[in-house]
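J.: Sharing a structure here in structure tokens format.
Every number in this text was worked out from the coordinates using simple rules, so none of it is lab data. Treat the numbers as computed from the prediction; the structure is a model and nothing was measured. Methodologically, a virtual Cβ is constructed for each residue, glycine included, from the backbone with ideal geometry; neighbour enumeration extends over all protein chains shown.
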Amino acid sequence: MTAAAATIAAPVAEVGFNEPVLAQILIAVIVFAVMLQLVPMLLIAERKLLGRFQGRYGPNRVGPFGALQPLVDIVKLAAKEDFAPRTASKAVFVIAPVIALFTAIATTAIIPFGDTRSDGLFGADYGLYGIDVSIGILYAFAFGAIAFYGLMLGGWASGSKYSFLGAMRSAAQLISYELAAGLSLIGVVMMSGSLSLTAIVREQSDMWFVVPQFAGFLIFTIASFAETNRAPFDLVEADAELVAGYQTEYGGMRFASFMMAEYMNMITFSGIATAMFLGGWHGPGPGWLDPFWVLAKMIGFLILFIWVRATLPRLRYDQLMSFGWKVLVPLATLNLVVTAILVVAL
């Protein structure tokens, strides 16, 4: 932050504001509009790419080249009857998808699309991000921990054994792989000397952290598949075993909220990987290309999500847990120790 930036002291962090209030609102609207528009684009891209990977057609009937298929899906879900089982805890059943969606959207606020600039566009410095907090990545993990309650409460409140088993799986899986994901990022934090994502990206002007922290990048990438319930770690909603897991009893827009939260989490993890390992907005060309570099790197990471889903079969649940605790966590800890030694020695 610049010397002219105002700060608000909070119990756990300082939140920096480089812009006037109107500029903050405008930038936040732009950033969130872009992020929300990525969801239907990701939906159509996934279905198209899965069709190509598996040698079949993707959506090709609704709109040009099937591009309006996500809109049709939303209309279909919105038109479905609002239903809840008789055995459900109604209030918790309703609020669970709201928790999942709210936390997924709130986490996107820390993803930086560009550095703070002072060209006088708004009469002051401004940054192309929703918010820049000094606790940075801890903010994302805090909301990720709250999102866990959305899945857990949704499965418990449904009054279904399938849903409850899916909720129990989500609890074990998310806790296990969140530990590995967190440990994999500490090496980057130690090298940059900051928790702020914008500060971490600035430290990568000469070399992206994916080079010295390649092991951490691989661990974070694998853990992100489990954190977002994506194949081959989608045991939380395994259709062959649990029908649909924690969301078995959900339909209509409540089901759509859970699905939107899952895809928003994919986008968030892609943004965090871009900022922490892939240099964020750094790339060749003038400064106005910064947000496009961020989007390009995020899209590449999202394509990896889809590619893995089309390639690898689902693991057994014991394999999932063993891999997390016996492989990823020890490797992440070893990477952390080696990084700490090198940082102190050099």
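J.: Output ³J(HN,Hα) for the range 50-62: one whole-Hz value per residue in order, computed from phi by the Karplus curve 6.51 cos²θ - 1.76 cosθ + 1.60 with θ = phi - 60°, and x for Gly and Pro.
T.: 4, x, 5, 4, 9, x, 9, 7, x, x, 8, 10, 8
J.: Over all Cα pairs of the range 210-323, how is the pair count split among 5 Å bins, expressed in % and running from 0 up to the last occupied bin?
T.: Over the range 210-323, the share of Cα pairs per 5 Å bin runs 2, 11, 17, 20, 18, 14, 8, 6, 3, 1, 0 percent.
J.: Convert each backbone phi in the range 174-184 into a coupling constant with the Karplus relation 6.51 cos²θ - 1.76 cosθ + 1.60 (shift: θ = phi - 60°), then list the ³J(HN,Hα) values in order as whole Hz, x for Gly and Pro.
T.: Couplings: 5, 5, 5, 7, 5, 5, 5, 5, x, 5, 5 Hz.
J.: Which of rounded, prolate or oblate describes the range 147-261 when judged by the alpha-carbon gyration tensor and an a/c cut-off of 1.5?
T.: Prolate is the answer for the range 147-261, as a/c is 1.5 or above and a/b outweighs b/c.
J.: Now for a different question. Any idea what angle helix 290-311 forms with the longest principal axis of the chain, computed on alpha-carbon atoms, 0 to 90 degrees, nearest 10?
T.: Relative to the chain, helix 290-311 is tipped by roughly 30 degrees.
J.: Moving on. If we count other beta carbons within 10 Å of each Cβ, what is the order of Ser194, Ser158, Ser184, Ser322, fewest first? All intermediate terms of the calculation are to be shown ahead of the outcome.
T.: Working: Ser194 16, Ser158 26, Ser184 29, Ser322 13.
Sorted ascending by nearby Cβ count, the order is Ser322, Ser194, Ser158, Ser184.
J.: I need the semi-axes of the equivalent ellipsoid of the chain: take the C-alpha gyration tensor, multiply each eigenvalue by 5, square-root it, list largest first in whole angstrom. If you can, show how the numbers build up before the last one.
T.: Values: eigenvalues 217, 122, 87 Å².
Gyration-tensor ellipsoid for the chain: 33, 25, 21 Å.
J.: GNM on the chain, C-alpha springs below 10 Å: top fluctuator among Val75, Val329, Val94?
T.: For the chain, modelled as a Gaussian network with Cα springs under 10 Å, the answer is Val75.
J.: Also: Over the range 6-345, what relative contact order in percent results from Cα pairs under 8 Å that are six or more residues apart? Walk me through the intermediate numbers first.
T.: Details: 523 pairs, mean separation 76.6, N = 340.
The value is 23 percent.
J.: Another question about this same structure. So how tilted is helix 137-157 from the main axis of the chain? Cα-based, degrees 0 to 90, rounded to 10.
T.: Compared with the principal axis, the helix lies near 10 degrees.
J.: Using 27 Å as the Cα-Cα cut-off, could you pick out the over-long pairs in Lys161/Lys326; Lys48/Lys80; Lys48/Lys297? Display every interim value, and only then the final one.
T.: Details: Lys161/Lys326 29 Å; Lys48/Lys80 25 Å; Lys48/Lys297 20 Å.
Correct reply: Lys161/Lys326.
J.: In nm, what is the difference between 0.36 nm times the number of residues separating Leu71 and Ala296 and their Cα-Cα distance?
T.: Numbers: separation 225, 0.36 × 225 = 81.00 nm, distance 2.38 nm.
Separation in residues times 0.36 nm, less the Cα-Cα distance, equals 78.6 nm.
J.: Please report, to one decimal in angstroms, the Kirkwood hydrodynamic radius of the range 48-109 built from all distinct Cα-Cα pairs. The partial results should precede the final answer.
T.: Details: mean 1/r = 0.0666 Å⁻¹.
One over the average 1/r among Cα pairs gives 15.0 Å for the range 48-109.
J.: Here is a further query. Residues with amide H under 5 Å of Asp132's amide H, sequence separation 5 or more or different chain, H placed in the peptide plane at 1.01 Å from N; which?
T.: Under 5 Å from the amide H of Asp132 lie the amide H atoms of Gly16, each far enough along the sequence or on another chain.
J.: Okay, moving on. Considering only the other residues whose Cβ falls under 12 Å of the Cβ of Thr221, what net charge follows from Lys and Arg at +1 and Asp and Glu at -1? The partial results should precede the final answer.
T.: On the way: positive: Arg230; negative: Glu227.
So the environment of Thr221 carries a net charge of 0.
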